[in-house]
Amino acid sequence: LHKILKPFMLRRTKSEVEKTLPPKKEIHIYVGLTDMQLKVYKSLLQSRNVTEGEKRTYLNLLMQLRKACNHPYLFPDVEDKTLPLLGEHLIENSGKMIVLDRLLKKLYDEKGHRVLIFSQMTNLLDILQDYCSLRDYPHCRIDGSTDMTSREEQIEDFMSETSNKFVFLLSTRAGGLGINLTSADTVIIYDSDWNPQMDLQAMDRAHRIGQKNKVNVYRLIT
């Protein structure tokens, strides 16, 4: 197909079109599990007896383990309902949230930074939204259920030079092609997508023509 199309198509990379585009740097941050996450993770492994050939069961277990790595509150009845909804326990019970909290505090104190946070799981965006409310970080959010009008308004608000928005929460699939968020200089991949191309598209929401600052991409890995 490439051989047939080559005489008719011109493909250029960003580096060929825009020589002054600032660089992008990807940083992998390896994160441990908290005691609560370890408890959930081990109980998942002990409760499932996966035999050879049960592909569906295996894939479901794999997804449950991913949830445990992201945040234990993605499972029902794990959160202590006697604690306040917006409390430090939201951060302390997830290794990734602890690292995210430290990173965002540093960026917020330095001023001038804007951050995109991507997650494959929309339920996790609910937790991240609660976290932003806990820390009083002005934020926007887009996922697959966001209507087009709200989507455009939030993007316009975030891109405005006078905007006070610090964080933009996006689901990896909903925040793909066609969105320009070059006012952000930091991208955080909270959990990687099954398809690495989706993560590359997510990073390019900030690292594209029109970006004036160096872009740092932090990928949280457990």
Worksheet, complete the sentence: Counting only residues in the stretch 131-150 that are surrounded by fewer than 18 Cβ atoms within 10 Å (Cβ to Cβ) and aliphatic (A, V, I, L, M), the one nearest to K106 (Cα to Cα) is identified as L134
Practice prompt. May I ask you to verify whether I189 is in contact with a Lys or Arg (Cβ under 8 Å, 6 or more places away or on another chain), among the β-branched types (V, I, T) and within 22 Å of N93 (Cα to Cα)?
Written response: yes
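Could you tell me how many of the residues in the stretch 175-186 are closer than 15 Å to G210 by Cβ and either in contact with a helix residue (DSSP H, G or I) (Cβ under 9 Å, 6 or more places away or on another chain) or surrounded by 19 or more Cβ atoms within 10 Å (Cβ to Cβ) (or both)? Reasoning before the result, please.
Filtering the stretch 175-186 for residues closer than 15 Å to G210 by Cβ gives 178-185.
Keeping just the survivors that are either in contact with a helix residue (DSSP H, G or I) (Cβ under 9 Å, 6 or more places away or on another chain) or surrounded by 19 or more Cβ atoms within 10 Å (Cβ to Cβ) (or both) gives 179-185.
Number satisfying all stated conditions: 7.
In the stretch 62-94, what residues are acidic (D, E) and either under 18 Å from Q129 (Cα atoms) or in contact with an Asp or Glu (Cβ under 6 Å, 6 or more places away or on another chain) (or both)? Break it down stepwise before answering.
Taking the stretch 62-94 and keeping what is acidic (D, E), we get 77, 79-80, 88, 92.
Selection gives E79, E88, E92.
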Worksheet item: Is it true that some residue in the stretch 62-71 is in a loop (DSSP other than H, G, I, E, B) and over 26 Å from L181 (Cβ atoms)?
Response: no
Response to the item:
If we keep only residues of the stretch 79-106 that are closer than 24 Å to I189 by Cβ and assigned to a loop (DSSP other than H, G, I, E, B), then the residue least open to solvent (accessible area, probe 1.4 Å) is S94
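When you check Y218 against the structure, is it in contact (Cβ under 8 Å) with a residue 12 or more places away in the chain and assigned to a helix (DSSP H, G or I), yes or no? Outline the logic, then answer.
Values: in contact (Cβ under 8 Å) with a residue 12 or more places away in the chain: yes; assigned to a helix (DSSP H, G or I): no.
So Y218 fails the test.
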Item to complete: Please give the number of the condition V31 fails out of (1) open to solvent by 100 Å² or more (accessible area, probe 1.4 Å); (2) of a type outside the set (F, W, Y); (3) in contact with a strand residue (DSSP E or B) (Cβ under 6 Å, 6 or more places away or on another chain).
Response: (1)
Worksheet item: In the stretch 204-215, what count of residues is obtained for those that are in contact (Cβ under 8 Å) with a residue 40 or more places away in the chain and surrounded by fewer than 19 Cβ atoms within 10 Å (Cβ to Cβ)?
Response: 5
Worksheet, complete the sentence: Pairs returned, first residue in the stretch 89-115 that is over 23 Å from L33 (Cβ atoms) and touching a residue at least 12 places away in the same chain (Cβ under 8 Å), second residue that is part of a helix (DSSP H, G or I) and open to solvent by less than 20 Å² (accessible area, probe 1.4 Å), beta-carbon separation under 8 angstrom, 6 or more apart or interchain, are H113/L107; R114/F158; V115/L104; V115/L107
Practice prompt. Would you please list the contacts, defined by Cβ atoms under 8 Å and residues six or more apart or on different chains, that run from a residue in the stretch 151-174 that is surrounded by fewer than 21 Cβ atoms within 10 Å (Cβ to Cβ) to a residue that is acidic (D, E)?
Written response: S163/D157; K165/D157; R173/D193; A174/D143
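The values are calculated or read from the model by the stated rules, or taken from the named source; none is laboratory data. These numbers come from a predicted model, not from an experiment. As a convention, Cβ positions derive from the backbone with ideal geometry for all residues, glycine included, and neighbour counts pool all protein chains shown. Note: accessible area is taken over every heavy atom of the protein model, side chains too, but ligands, DNA and RNA are not part of it. Shrake-Rupley method; radii C 1.70, N 1.55, O 1.52, S 1.80 Å.
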